[in-house]
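The values are calculated or read from the model by the stated rules, or taken from the named source; none is laboratory data. These numbers were taken from a predicted model, which means no experiment stands behind them. Here the Cβ is made from the backbone with ideal geometry for all residues, glycine too, and neighbour counts use every protein chain on show.
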Ligand SMILES: NC(=O)c1ccc[n+]([C@@H]2O[C@H](COP(=O)([O-])OP(=O)(O)OC[C@H]3O[C@@H](n4cnc5c(N)ncnc54)[C@H](OP(=O)(O)O)[C@@H]3O)[C@@H](O)[C@H]2O)c1
């Protein structure tokens, strides 16, 4: 996947070119659709970055491409790291501090998702998603905590809006993201006195992401009807929310969720799976439950 952002971002975005000079960001899922563009924006605006993922080749290639966005940028890709394993994250933190000197900002963005009705979702599949999204977010915080404390840093959790309503086919991801929001809020309270901020961004339906491509009915002509802003969001819009939250423009903001969804969840419409309600869902859940 090539870079989404380029030099024009420095002219067209509202941000100052050297906003994040000297800052280092550590991003789980940084080679993925949304978090990669967050990293691109931060690097264009002066930050150095470490991106973390399981796939070594994909993570290293993305880091190399992002590093080309700004002369002198240092972007390292650390593959072979699973957020479910706090020790492998701790070793990625050591590598980052060894090569980039420090960590100021953290994005806990790694996640996995798929559609499954409850009769079909095994206990193990539920656990896997909770382990990656929720435990993985906690592990990411734990592994970076010393750096966050040292540098009075800021952690952003990438959440979702799935759990604001009861959304069929998403019980696993909804439960995990509800936990992520709770984790974020508790950390804001517990760590605020240390000068650490903790916030979340909840993307709504974002165009061109692997998640949306897999989870939405992309050829459904009615797919924008119940999104107040009448379109999907862009990865750049998530990046802009990230820049705002990491910047001093939000210095008194902690413990919040910034919802970037065009107003979608207010109409109770989060994904195309709602079109399956209730007939198809009831049919699927009438089969013998899988353990
Ligand atoms: N797409 C949307 O419209 C949407 C809507 C709401 C919320 N979100 C949230 O936004 C974030 C990014 O979503 P996305 O659609 O951009 O995802 P994506 O393109 O599928 O990227 C996910 C990234 O997470 C990494 N990852 C997954 N499991 C991991 C693990 N166990 N350990 C380490 N890294 C792991 C993947 O790399 P490897 O495979 O190499 O590990 C990949 O880089 C997620 O938190 C998602 O829940 C997305």
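Note on the stretch 46-60: residues that are buried (at least 24 other Cβ atoms within 10 Å of the Cβ) and out of contact with any strand residue (DSSP E or B) (no Cβ under 6 Å at 6 or more places or on another chain) total 1.
Of all the residues that make up the stretch 149-164, how many are within 19 Å of the chain's Cα centre (by Cα) and away from the ligand (no atom under 12 Å from the Cβ)?
Residues meeting the conditions: 3.
Scanning the stretch 71-83 for residues that are within 13 Å of the ligand (Cβ to nearest atom) and surrounded by fewer than 15 Cβ atoms within 10 Å (Cβ to Cβ) yields a count of 1. Within the stretch 279-291, residues that are within 13 Å of residue 121 (Cα to Cα) sit with their Cβ atoms under 7 Å from residues that are surrounded by fewer than 11 Cβ atoms within 10 Å (Cβ to Cβ) and at pLDDT 95 or above, at 6+ positions apart or across chains, in these pairs: 291/123. Scanning the stretch 25-47 for residues that are in a loop (DSSP other than H, G, I, E, B), over 23 Å from residue 86 (Cα atoms) and either within 9 Å of the ligand (Cβ to nearest atom) or in contact with a helix residue (DSSP H, G or I) (Cβ under 8 Å, 6 or more places away or on another chain) (or both) returns a single hit, 45. I need a count of the residues in the stretch 174-219 that are within 13 Å of the ligand (Cβ to nearest atom), farther than 30 Å from residue 276 by Cα and outside any helix (DSSP H, G or I). Matching residues across the stretch 174-219 total 0.
Of all the residues in the stretch 118-131, those that are closer than 10 Å to residue 290 by Cβ and surrounded by 16 or more Cβ atoms within 10 Å (Cβ to Cβ) number 1.
Within the stretch 48-64, the residues that satisfy the criterion of being in a helix (DSSP H, G or I) and more than 10 Å from the ligand (Cβ to nearest atom) are 60, 61, 63, 64.
Looking across the stretch 226-237, the residues that are crowded, with 19+ Cβ neighbours inside 10 Å and more than 17 Å from residue 6 (Cβ to Cβ) come down to 227, 232, 233. With respect to residue 167, is the statement that it is within 30 Å of residue 286 (Cα to Cα), within 12 Å of the ligand (Cβ to nearest atom), at pLDDT below 95 and surrounded by fewer than 22 Cβ atoms within 10 Å (Cβ to Cβ) true? Answer is yes for this residue.
So that you can scan it fast, the table gives a plain yes or no per residue for (1) more than 15 Å from the ligand (Cβ to nearest atom); (2) at pLDDT below 95; (3) in a loop (DSSP other than H, G, I, E, B); (4) farther than 30 Å from residue 47 by Cα:
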| position | (1), (2), (3), (4) |
| --- | --- |
| 102 | yes, no, yes, no |
| 112 | no, yes, yes, no |
| 121 | yes, no, yes, yes |
| 125 | no, no, no, yes |
| 130 | no, no, no, yes |
| 133 | no, no, no, no |
| 136 | no, no, no, no |
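Note on the stretch 9-34: residues that are in contact with a strand residue (DSSP E or B) (Cβ under 8 Å, 6 or more places away or on another chain) and either over 23 Å from residue 152 (Cβ atoms) or modelled with pLDDT under 95 (or both) amount to 4. Criterion applied to 81, 97 was being in contact (Cβ under 8 Å) with a residue 12 or more places away in the chain and in contact with a helix residue (DSSP H, G or I) (Cβ under 6 Å, 6 or more places away or on another chain), and the one residue passing it is 81.
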